[in-house]
Structure formats: structure tokens, C-alpha cells
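Notes for the one structure printed next.
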């Protein structure tokens, strides 16, 4: 019985698919998410709420940019770097994008090796993910420093609409915070994998429940979400 | 343990095999292919700016690359493609409401800009 409420995939009887399956799952008077553990379902619900937070940030940025009568600063020039004797547009942002995508790739592979009980590969891949994430935050700190020394403030900047600064610091700041917390949790989870906590069933630090390798996948969900948010920020703030 | 050993040799398992015995089991190759595609799409996004495309072509390409990347990440990396529809709909449908909000704020910001032009640009 405890298995049914706490555990994950242990449903043997085939369940209906398609829309009929949606209706059957939601009306089954037990739990709607049949083969997903509570931990994974709650991470998804948290990510949904985070989607609304970032959605509202991007929305307020859109409103500010559409309603201002002053020209918006050109991100292509603002974020250009002077390298090899020429100005390359957006090059730092492009590198940051590739780093975050790579960290998503290593994270996805870490989840896979976790389910295969390959502790060494899982932990190493998670540490690589954390290192790429930390580098991303470092480059963001560099970018902030550069812009601040050039005179960008939340209330003013040298190139145009004042809302540019407040939108920039708000959106990238919140995203950077998410990445930072992701790195911290990656290190904690990688340590637990390395020690073999999920093999021996040591009680965990957050909920004091016994962990499984699903914890790695749930950690991965958060990390991929951070990457996902960056896809939208890159498109709307830096490229638009 | 026997299962763990069996899974070590699972690299060449078909991609369609959905292992719910213990979590999500897919061949590593799948992740590498998606990773490669994400690189290609990001390079595409960046080249929009690098080559300085403008107008509807620019916005259309930005949105296309963005949605393709987001779709790949959610479907494969986050395993949404293998989840039951009850979860997928519960998570993926509510964000569509943001689009309604976008429509409202587009109208609102047009109005705000018009008011600013009419009332504050005369100096």
C-alpha cells in the first residue's frame, strides 16, 4: 500500500492512451499522474510556476519596449566584444548559449547513467554540468561588470530607453540566480551519487526520504528548465 | 544488480523502447543527436544577428529556432515525449495562457505609446 502512494512506476495493468487516457487518469479518484512519482510531479509543478514568473518578466519587458517613445538600444552593438581587432556582435552571449546547451547535454547523459547505476560516470557528468554552469555565471558577472562600467543602470544608460537597464538586470539577474542555485544542488546531488547514497538508501537532506536515482532525473528537470528559460531570453532580449 | 548489468549493454537498444521498469531508459546516442541539433539551431539563431537580417524574416527565424530548441529540450531532455498525456497536458497547456496576456499587453502598450506621443511629445 505504501508502495502505491510513495513509489513510482509499479503499474502493470495497461492504461488507456490519448485523450481517453487523460480523462481516465484525472477521473480515477486516486492520483492523476500514474507513472510519475510525487517528487517528479512536484518538480514539474514548480517549473510550471517558474514558467509564469519568467513569462511575466519577459512580458513586462515587451510592454516597456513597445510603449517607449525613445529608441531601444541595439543589443547587437551593446553586447558586442572587441576581439582580434574587430567588433563581433553578441559573441559573449553566443558562447554562454553554447555552454548552457552543453551543460544540458551532459546533464541528460548523467540522468541516463544514473538509471544504469553507473555511479562514476553519473557523478563526473554532473560535476562537468556544474562546472559549465559556474562558468556561465562567471561570464554573466563579466558581462554585468562591462555594462556597469559603461554606465548602464536600472534607471539610465548611454544609448536610449531607460527601461533597457532595468529589464536587463531583472531578467538576467533572476536567470543567473537560478543557475547558481542549480550549481549548488548539482554539487550536493553529485556528492550523494559519488558516495552511493542512492544504492544504500541513506535518508536524504531535504525530505529525509530514501533517495533513488530518480533524484538525478528531478535535478536534471530543473537544470534543463534553466537552459530552456535561456532559450527564450536569448531570443527575446538579445536577438529581437 | 542484474538489471544494472543488463542496462550497461543497453546502448544499442531501440529508441522506441520505453523502460518504466526503472525510470527513463534511452540510448545515449539519442541525447548526443539532440545535443548536436541544439548546437546547429543555436548557431542558426546567432547567425541571424551576425548577418544582420531584419524585419519579418528576422522575427520569424528567431521564433522558429526558439520553438524548435524549446521543443527538443522539453520533449527529449526532460522526457516529456515519454510521459503520459495527463502530465504533459497539465504542464504544457497552462503556459499558453501567457499568450492571452501577451495579446492584452500588446494592445495596452500600443495605447500607452499613443498617449505618450499625443500628450508628451509637444514640449
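The coefficient of translational diffusion for the protein assembly as shown, derived via Stokes-Einstein from the alpha carbon Kirkwood radius under 37 °C and 0.692 mPa s, stands at 147 µm²/s.
Please determine, in degrees from 0 to 90 and to the nearest 10, the orientation of helix A:38-67 with respect to the longest principal axis defined by the Cα atoms of chain A, where the helix direction is its Cα long axis. The answer is roughly 20 degrees. Principal-axis analysis of the Cα atoms of chain A puts helix A:119-149 at an angle of about 20° to the longest axis.
Applying 0.36 nm per residue to the separation of residue B:37 and residue B:121 and subtracting their alpha-carbon distance, the gain on full extension is 25.4 nm. Mean partner shielding of peptide B:54-60, defined as the number of other chain Cβ atoms within 10 Å of each residue Cβ, is 1. Every pair of different Cα atoms in segment A:86-146 enters the Kirkwood calculation, which places the hydrodynamic radius at 12.6 Å. I want to verify a result. In a Gaussian network model of chain A, Cα cutoff 10 Å, which of these has the top mean-square fluctuation: A:36, A:22, A:152? Result for chain A, Cα springs under 10 Å: A:22 fluctuates most. Between the Cα long axis of helix A:163-195 and the first principal axis of chain A there is an angle of about 30°, rounded to the nearest 10. Each distinct pair of alpha carbons in segment A:154-240 adds a 1/r term; the inverse of their mean, the Kirkwood radius, is 15.3 Å. Given their separation in residues at 0.36 nm each and the Cα-Cα distance between them, residue A:184 and residue A:88 gain 31.3 nm when the chain is fully extended. Note on residue A:170 and residue A:66: their simple-model spin labels are 1.5 nm apart, each label 7 Å out from Cα toward Cβ. Residues within the reach of a label modelled at residue A:159 (point 7 angstrom out along Cα to beta-carbon, backbone nitrogen below 16 Å), restricted to segment A:75-109, are A:75-83, A:87-94. Note on residue A:200 and residue A:149: with the Förster distance fixed at 41 Å, the Cβ-Cβ geometry gives a FRET efficiency of about 0.20. So what is log10(I(q)/I(0)) for segment B:62-123 at q = 0.20 1/Å, when the Debye sum runs over its Cα atoms only? So the normalised log intensities work out to -0.87. A Gaussian network model of chain A, with springs between Cα atoms under 10 Å, assigns the largest mean-square fluctuation among A:38, A:144, A:26 to A:26. For segment A:1-142, dividing the convex hull volume of the Cα atoms by the residue count gives 198 Å³ per residue. Diffusion of segment A:117-197 by Stokes-Einstein, at 4 °C in a medium of 1.567 mPa s and with Rh set to the Kirkwood radius over alpha-carbon pairs, works out to 90 µm²/s.
Both radii come from the Cα set of segment A:36-239: Rg as radius of gyration, Rh as Kirkwood radius; their ratio Rg/Rh reads 1.05. Max-minus-min Cα coordinates of segment B:24-111 on each principal axis give 51, 37, 12 Å, with the largest extent listed first. Peptide A:35-43 has a mean shielding of 2, counted as Cβ atoms of other protein chains within 10 Å of each residue's Cβ.
Mean per-residue shielding of peptide B:80-88 is 6, counting Cβ atoms of other chains within 10 Å of each Cβ.
Throughout, read-outs are computed from the coordinates displayed, never taken from laboratory work. Since the model is a prediction, treat every value here as computed from it, not as a measurement. So basically every Cβ, Gly included, is an ideal-geometry build from the backbone, and we count neighbours across all protein chains shown.
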